[in-house]
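Q: Take a look at the following structure, please.
The values are calculated or read from the model by the stated rules, or taken from the named source; none is laboratory data. Worth saying up front: this structure is predicted, and the values here are computed from it rather than measured. All Cβ positions, glycine included, derive from the backbone under ideal geometry; neighbour counts span all protein chains shown. We work out accessible area using only protein heavy atoms, side chains counted, and drop any ligands, DNA or RNA first. Shrake-Rupley method; radii C 1.70, N 1.55, O 1.52, S 1.80 Å.
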Amino acid sequence: MQRPMDAYDSETFRRLGHHLVDTLADHLARTTRREGPVLPWAPPETHIAGFPAEFPEEPSADVLGQASALLSRVVDASHHLHHPRYVGHQVSSPLPLAALCDFISSFLNNGMAVYEMGPVATAMEHNVLGWMARVLGMPEGAGGVLTSGGSAGNLTALLAARQAKAGFDAWNGGASAGPPLTVLVPETAHYCLARATRVMGWGAGGVTPVPVDAHYRLRPESLEEALASARRAGRHPIAVVASAGSTSTGAFDPLEAVADFCEKHALWFHVDGAHGASTALSPRYRHQVKGIERADSVVWDAHKMMLMPALITAVLFREGQRSFEAFAQEASYLFHGEAHRPWNDVALRTLECTKEMMALKLYTCLKVLGTRVFADAVTGSFDLARRFAERLTAAGDFELALWPDCNIVCFRHTPRGLSETELDALQVRLRDTLVTRGDFYLVRTTLAGRVWLRTTLINPHTTDADLESLLEALRRAA
Ligand SMILES: *Cc1c(COP(=O)(O)O)cnc(C)c1O
């Protein structure tokens, strides 16, 4: 291989591609059989040294051999999210079919900023968003965009909220062209909301915290006081955010009550359903998101509970036309009377200019695997979490932080005779031991000043027996 053109040789690609798929298929079989560590833990220095920036000037004489050796090392040394004992952050164990779609997306590189650069992906995005809006029970006319993650999605939704409710043209005039704005946000909200309001130039007061109850759910009876306190502070409140569910505990805020409050005060109602909007897919649990259909905007990550690889986030608007207002150069009223806005040039409505063919993986999996696999993944993981919570309650040497609303379970090991401070230190040590040994991957969180172990049961391969082994491993490590 000597000239750049040789790097496009279709036969080399065919052979290497087959080989890499074989490598991943073997890896999938091994990890789902629980072979090897979940995370082959190593400090950053090890990987810095292991993957140095020493690049040859000439191509390798053995492209196939060298590429497969390098990529096999990457697979082995990475975090194995298909391992049934991965019970950590809210990141999916992706469907192999979805990963292949990402591969095709990379290969075709249809950037999607304008329709002509990604015609199929643009149409799929439009249709998949319509399907998601119907799953949530949103009315006819709902629509939105796909974007790169819940953090970008929440910013997009709040930009549209600002355009609709600020009462002045902040897009052109800047944040100081009117009274300082704020949104009411539960104390337990994801940090990206406070980041979004700072990005918009509203400073620290851009978020007005709303207290939560003992179950870490927004207290609707505190909303009036939060609104009044924001106004006393000289702020103009434009929106209320509810989490479905919140990141740390998975608690679902009472959406109906927040919707009522927003209606009464003419505030924008935004639901951060990055994790939990998928609950609407489950006939058994969809009642937990009742009221989401009344939201002005919803963020929904398909790379969390919908088994998709990162990133694919839906930002849905009750009135689909609102999605033109997040990044509008002119206020929405100027568009009225314009019969046809170019919905198919997606970049008009997203933070991204170029983006990957995001809808391809979700559309293809829905089409080929059907919708039940997604409903079952949600129902199965919520059921598993409830059985795990029962097990923890019955165990005697474990304590459950709160009854789980979804597939996030927070708990701690409580051997007798330890002080609260010692218990905190124990949880930190237990987690570090299990994670660095590679037995399990779980995380921790702080609730009401105390340290808790935190698990997200997001991998459909995780069983009751795995969780029983987790408790045993924690006891032994203690
Ligand atoms: C995960 C999460 C986010 C952030 O989403 P990303 O896709 O990781 O950017 C925001 N809000 C909630 C409630 C989440 O669970």
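Q: Taking only pairs six or more apart or across chains, which ones have beta-carbon atoms under 7 Å, a first residue in segment 234-262 that is closer than 26 Å to GLY178 by Cα, and a second residue that is in a loop (DSSP other than H, G, I, E, B) and within 15 Å of the ligand (Cβ to nearest atom)?
A: These pairs meet every condition: VAL241/ALA189; ALA242/ASP253.
Q: Working only within segment 124-144, note down all residues that are closer than 30 Å to ARG235 by Cβ and open to solvent by 20 Å² or more (accessible area, probe 1.4 Å).
A: Within segment 124-144, just ALA142 meets the criteria.
Q: Sticking with this structure for a sec: The conditions are (1) within 13 Å of the ligand (Cβ to nearest atom); (2) open to solvent by 50 Å² or more (accessible area, probe 1.4 Å); (3) of a type in the set (Ser, Thr, Tyr), and THR147 fails exactly one of them. Which is it?
A: So the condition that THR147 fails would be (2).
Q: Here is a check on your reading of the model: is HIS303 within 11 Å of PHE252 (Cα to Cα), in the same structural domain as GLN163 (by TED's automatic domain parsing) and in a loop (DSSP other than H, G, I, E, B)? Reasoning before the result, please.
A: On the way: within 11 Å of PHE252 (Cα to Cα): no; in the same structural domain as GLN163 (by TED's automatic domain parsing): yes; in a loop (DSSP other than H, G, I, E, B): yes.
No; evaluated as a whole, the condition is false for this residue.
Q: Of the residues GLY250, GLY201, which is modelled with pLDDT of 95 or more, small (Gly, Ala, Ser) and surrounded by fewer than 24 Cβ atoms within 10 Å (Cβ to Cβ)? Before the answer, list the steps.
A: Details: GLY250 fails: surrounded by fewer than 24 Cβ atoms within 10 Å (Cβ to Cβ).
That would be GLY201, the only listed residue that is modelled with pLDDT of 95 or more, small (Gly, Ala, Ser) and surrounded by fewer than 24 Cβ atoms within 10 Å (Cβ to Cβ).
Q: While we're looking at this one, here's another question. Test LEU418 against the criterion of being in contact with a helix residue (DSSP H, G or I) (Cβ under 9 Å, 6 or more places away or on another chain), assigned by TED's automatic domain parsing to the domain that holds ARG34 and either within 21 Å of HIS89 (Cβ to Cβ) or not hydroxyl-bearing (Ser, Thr, Tyr) (or both), and give yes or no.
A: Yes: the conditions hold for LEU418.
Q: Of the residues that sit in segment 238-273 and are of a type in the set (S, T, N, Q) and in contact with a Phe, Trp or Tyr (Cβ under 7 Å, 6 or more places away or on another chain), which one is farthest from the ligand (Cβ to nearest atom)?
A: Just the residues of segment 238-273 that are of a type in the set (S, T, N, Q), to begin with: 243, 246-249.
Adding the requirement that they be in contact with a Phe, Trp or Tyr (Cβ under 7 Å, 6 or more places away or on another chain) leaves 246, 249.
Details: SER246: 6, THR249: 11 Å.
My answer is THR249.
Q: Quick check, is VAL428 part of a helix (DSSP H, G or I) and surrounded by fewer than 18 Cβ atoms within 10 Å (Cβ to Cβ)?
A: Numbers: part of a helix (DSSP H, G or I): yes; surrounded by fewer than 18 Cβ atoms within 10 Å (Cβ to Cβ): yes.
Yes; evaluated as a whole, the condition is true for this residue.
Let's see how each residue does on (1) at pLDDT 95 or above; (2) within 22 Å of the chain's Cα centre (by Cα):
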site: ALA157; (1), (2): yes, yes
site: ALA161; (1), (2): yes, yes
site: ASN172; (1), (2): no, no
site: PRO179; (1), (2): yes, no
site: THR188; (1), (2): yes, yes
site: CYS192; (1), (2): yes, yes
site: ARG195; (1), (2): yes, yes
site: ASP213; (1), (2): yes, no
site: GLU221; (1), (2): yes, no
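Q: Would you mention how many residues in segment 306-351 are open to solvent by less than 40 Å² (accessible area, probe 1.4 Å), of a type in the set (A, V, I, L, M) and at pLDDT 85 or above? Talk me through it step by step, then tell me what you get.
A: So in segment 306-351, the residues open to solvent by less than 40 Å² (accessible area, probe 1.4 Å) come out as 306-309, 312-317, 320, 323-328, 331-332, 341, 346-347, 349-350.
Next, from what is left, pick out any that are of a type in the set (A, V, I, L, M): 306-308, 312, 314-316, 326, 328, 331, 346-347.
Then drop every residue that is not at pLDDT 85 or above, which leaves 306-308, 312, 314-316, 326, 346-347.
Selection size over segment 306-351: 10.
Q: Can you find even one residue in segment 389-400 that is in the same structural domain as LEU467 (by TED's automatic domain parsing) and polar (S, T, N, Q)? Spell out how you get there, then give the answer.
A: Just the residues of segment 389-400 that are in the same structural domain as LEU467 (by TED's automatic domain parsing), to begin with: 389-400.
Keeping just the survivors that are polar (S, T, N, Q) gives 393.
Checking segment 389-400: at least one residue is in the same structural domain as LEU467 (by TED's automatic domain parsing) and polar (S, T, N, Q).
Q: Collect the residues in segment 274-293 that are more than 16 Å from the ligand (Cβ to nearest atom), touching a residue at least 60 places away in the same chain (Cβ under 8 Å) and either part of a loop (DSSP other than H, G, I, E, B) or open to solvent by less than 40 Å² (accessible area, probe 1.4 Å) (or both), keeping them in residue-number order.
A: LEU281, SER282, PRO283, ARG284, TYR285
Q: Return yes or no: is ARG235 closer than 21 Å to VAL135 by Cβ, away from the ligand (no atom under 16 Å from the Cβ) and touching a helix residue (DSSP H, G or I) at 6+ places or on another chain (Cβ under 8 Å)? Step through it out loud before you land on a result.
A: Values: closer than 21 Å to VAL135 by Cβ: no; away from the ligand (no atom under 16 Å from the Cβ): yes; touching a helix residue (DSSP H, G or I) at 6+ places or on another chain (Cβ under 8 Å): yes.
In short, no.
Q: From the residues in segment 173-186 that are farther than 19 Å from ALA328 by Cα and open to solvent by less than 50 Å² (accessible area, probe 1.4 Å), which one is farthest from the ligand (Cβ to nearest atom)?
A: Step one: of segment 173-186, the residues farther than 19 Å from ALA328 by Cα are 179-180, 182-186.
Subset that is open to solvent by less than 50 Å² (accessible area, probe 1.4 Å): 182-186.
Values: THR182: 19, VAL183: 14, LEU184: 16, VAL185: 11, PRO186: 10 Å.
Top of the filtered list is THR182.
Q: I need a count of the residues in segment 396-416 that are open to solvent by less than 30 Å² (accessible area, probe 1.4 Å) and not in a loop (DSSP other than H, G, I, E, B).
A: 7
Q: Going through ALA133, ALA113, ALA142 one at a time, which residue ends up being away from the ligand (no atom under 16 Å from the Cβ) and modelled with pLDDT under 95? Talk me through it step by step, then tell me what you get.
A: Values: ALA133 fails: modelled with pLDDT under 95; ALA142 fails: modelled with pLDDT under 95.
ALA113 is the lone residue from the list that is away from the ligand (no atom under 16 Å from the Cβ) and modelled with pLDDT under 95.
Q: Continuing with the same structure: Pull out all pairs, ordered by first then second residue, where Cβ-Cβ is under 9 Å, the residues are six or more apart or on different chains, the first lies in segment 366-388 and is assigned to a loop (DSSP other than H, G, I, E, B), and the second is aromatic (Phe, Trp, Tyr).
A: THR371/TRP131
Q: Would you confirm whether any residue within segment 152-172 is open to solvent by less than 50 Å² (accessible area, probe 1.4 Å) and without any contact (Cβ under 8 Å) to a residue 40 or more places away in the chain?
A: Yes, some residue in segment 152-172 is open to solvent by less than 50 Å² (accessible area, probe 1.4 Å) and without any contact (Cβ under 8 Å) to a residue 40 or more places away in the chain.
Q: May I pose another question? Do we find that ALA189 is buried (at least 23 other Cβ atoms within 10 Å of the Cβ) and either touching a Pro at 6+ places or on another chain (Cβ under 9 Å) or farther than 28 Å from GLU221 by Cα (or both) in this structure?
A: Answer is yes for this residue.
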